Structure formats: C-alpha cells, structure tokens
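The values are calculated or read from the model by the stated rules, or taken from the named source; none is laboratory data. The structure displayed is predicted, hence computed values, not measured ones. A quick note on method: Cβ atoms are made from the backbone with ideal geometry, for glycine too, and the neighbour counts reach across all protein chains shown.
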Amino acid sequence: MNDPASLTVIGHRGARGHAPENTLLALDTGIRLGAHWLEFDVQLADGELWLMHDLSVDRTTGGRGLLTEMDCAEIRALRTGGQDVPTLRDALDLIENRAGVNIELKTWNGCAQAVAGVLREYLADGWPVERFCVSSFHHPELWEFHALLPDVPIGALICGVPLDWAGPAIELGASVLSISSEFVDEKLIADAHERGLKLHVYTVNEPDEMRRLMSLGVDGIFTDYPDRALSLL
Ligand code: G3P
Ligand code: MG
C-alpha cells in the first residue's frame with residue numbers, strides 16, 4: 001500500500017460532478033476544490049482543438065451532429081450547460097500553474113500533431129514539461145504525439161487487462177498506465193510498479209471504492225468529485 005497522502009487526485013473532465021463537463025467552469029471548480037491534476041478531452045475540428053468528450057455534440061449541448069464536422073463558428077455557438085465549448089488554449093490559460101494538465105486525445109485526425117503544436121508554444125513560454133500529461137486509448141495517436149514531443153509525459157489508457165500486463169505502457173514510453181476501475185488487478189498494479197510506472201484508475205466517485213483502491217496501492221484516481229478523494233487523504 002502506498003502512503004495515502006501521496007495519492008494523486010485528478011479532476012475528471014474538470015470536476016464533472018459539480019459543473020458541466022469539459023468547460024472552463026468545471027476546470028475552475030476542480031482547481032477550487034484542490035484537485036492536483038485536471039483531466040479533459042480534446043478533439044480537433046476545423047483546425048482548432050476543443051474540449052469535448054463525445055464525438056457527437058448531442059448529449060452535452062443543444063446542437064446535433066459530430067463535432068469534427070462543424071466549423072469554428074458553429075462550435076462557438078454551442079453551449080454546454082450554459083457554458084462555451086473551450087479550446088485547449090482557453091483551458092491552459094485558465095489553469096496556468098494551479099494544477100497539472102492531463103490532455104486526453106479523443107480524435108485521430110491530426111489531433112496529436114495539433115496538441116504538440118500548442119504545447120510547444122507553452123513550453124517555449126516557460127511551462128515545465130512536468131505540468132503536462134497527454135493520454136489516449138488510441139495508442140498509435142499517442143505514439144505519434146510522443147515522437148513529436150518526447151519530453152512531455154504520456155499516459156496509456158486501457159480498458160481491460162492486457163496479456164502482458166503493463167507492457168503496452170512500456171512499449172509506448174509512457175510514465176503512467178490508467179485503467180478503468182472495474183479491471184483493477186493487484187498483479188497489474190505490482191507489474192506497473194516493478195516497471196517504474198504509476199498506476200491510475202478511472203472514474204471513481206464512491207468513497208468506499210476510493211478507499212479500496214488506495215489500500216491496493218494505486219497512485220492516482222480520476223474522479224468527478226475531487227473533494228471526496230481529497231477528504232480521504
Ligand atoms: O482519462 C481517464 C478517463 O477520462 C478516460 O475515459 O471516457 O472519461 O474519457 P473517458
Ligand atoms: Mg477522458
């Protein structure tokens with residue numbers, strides 16, 4: 001078991017339990033609650049990077065259709081729980097140095113290259129690489145990002161236990177392996193740690209489940225309620 005005080009609390013889609021997901025309000029709420037890191041999803045559409053989880057805008061906005069088929073003006077007209085759909089730059093400018101930034105690549109249409117382009121600017125402005133983690137379920141896209149900006153830490157997302165345990169994260173050169181909570185396995189945690197990886201778990205909202213995972217020795221928890229996880233430390 002790790003020291004509970006060393007647990008990394010990652011606000012999921014900002015702080016989705018308290019504000020509309022992937023909005024500046026959700027990010028600001030996550031910061032106010034004390035999340036150590038903030039996770040959000042990005043998609044490339046009309047040459048710009050937007051914070052949105054689903055490929056379709058239907059669930060979270062009043063609009064209809066695929067985000068990647070919209071132009072910037074159409075996306076700027078959308079509202080998510082009364083909030084604008086932010087760009088990656090909007091999010092970074094809001095967060096500044098107040099939390100770590102976990103950017104999840106959600107599209108495979110040049111998203112890695114576009115994110116690398118934006119992060120290169122912020123790194124040139126003096127942001128430390130350690131402030132970022134770029135993650136994805138799409139490992140080839142993550143591989144492409146890693147080739148473009150090898151110093152920025154990456155996180156391999158998986159939804160299930162691979163045959164070679166933490167192997168996919170090692171193959172990618174990732175520093176974090178993140179797995180869905182239903183698949184957490186003690187042997188996977190041990191293998192990740194033996195290979196020098198952090199093991200994070202998504203998306204955990206119930207305090208009992210947080211306690212169970214902490215006792216198993218996970219290093220980080222993605223949660224819609226960062227306040228709940230922080231109260232256990
Ligand atoms: O990055 C952890 C988690 O956000 C991955 O799942 O579907 O919420 O993006 P999802
Ligand atoms: Mg995500």
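Any residue at all in the range 4-25 that's crowded, with 16+ Cβ neighbours inside 10 Å and of a type in the set (Lys, Arg)?
The answer is yes; a qualifying residue exists.
As an exercise: evaluate residue 39 against (1) more than 13 Å from ligand 1 (Cβ to nearest atom); (2) not in a loop (DSSP other than H, G, I, E, B) and give the number of the one condition it does not meet.
(1)
Filter the range 1-25 for residues that are at pLDDT 95 or above, away from ligand 2 (no atom under 12 Å from the Cβ) and either closer than 13 Å to residue 224 by Cβ or not β-branched (Val, Ile, Thr) (or both) and give the result.
7, 9, 15, 17, 18, 19, 20, 24, 25
I want to confirm something. Restricting to the range 42-84 and keeping residues that are part of a helix (DSSP H, G or I) and surrounded by 21 or more Cβ atoms within 10 Å (Cβ to Cβ), which single residue is nearest to ligand 1 (Cβ to nearest atom)?
In this case the residue turns out to be 67.
Return the residues of the range 154-192 that are away from ligand 2 (no atom under 16 Å from the Cβ) and assigned to a loop (DSSP other than H, G, I, E, B); say none if nothing qualifies.
Selection gives 160, 161, 162, 163, 164, 165, 166, 173, 175, 184, 185.
When the range 114-133 is examined, which residues are found to be outside any helix (DSSP H, G or I) and loosely packed, with under 14 Cβ neighbours inside 10 Å?
Hits for the range 114-133 are 125, 126, 128.
Could you check, for the range 120-132, whether at least one of its residues is in contact (Cβ under 8 Å) with a residue 40 or more places away in the chain and either within 16 Å of ligand 2 (Cβ to nearest atom) or out of contact with any strand residue (DSSP E or B) (no Cβ under 8 Å at 6 or more places or on another chain) (or both)?
Checked the range 120-132: no residue is in contact (Cβ under 8 Å) with a residue 40 or more places away in the chain and either within 16 Å of ligand 2 (Cβ to nearest atom) or out of contact with any strand residue (DSSP E or B) (no Cβ under 8 Å at 6 or more places or on another chain) (or both).
Looking only at residues that are assigned to a loop (DSSP other than H, G, I, E, B) and without any contact (Cβ under 8 Å) to a residue 40 or more places away in the chain in the range 206-233, which one is farthest from ligand 1 (Cβ to nearest atom)?
Among those residues, the one meeting the criterion is 231.
Among the residues in the range 86-103, are any away from ligand 2 (no atom under 16 Å from the Cβ), of a type in the set (A, V, I, L, M, F, W, C), under 29 Å from residue 63 (Cα atoms) and surrounded by 14 or more Cβ atoms within 10 Å (Cβ to Cβ)?
yes
Just wondering, is there one or more residues in the range 139-150 that are at pLDDT 95 or above, on the phi > 0 side of the Ramachandran plot, away from ligand 2 (no atom under 15 Å from the Cβ) and in a loop (DSSP other than H, G, I, E, B)?
Taking every residue of the range 139-150 in turn, none turns out to be at pLDDT 95 or above, on the phi > 0 side of the Ramachandran plot, away from ligand 2 (no atom under 15 Å from the Cβ) and in a loop (DSSP other than H, G, I, E, B).
What is the residue count in the range 133-157 for residues that are free of Cβ contacts under 8 Å to residues at least 24 places away in the same chain, small (Gly, Ala, Ser) and within 14 Å of ligand 1 (Cβ to nearest atom)?
Looking only at that region, the number is 1.
Only one of 174, 166 is of a type in the set (A, V, I, L, M, F, W, C), farther than 23 Å from residue 30 by Cα and either within 16 Å of ligand 1 (Cβ to nearest atom) or modelled with pLDDT under 95 (or both); which?
174
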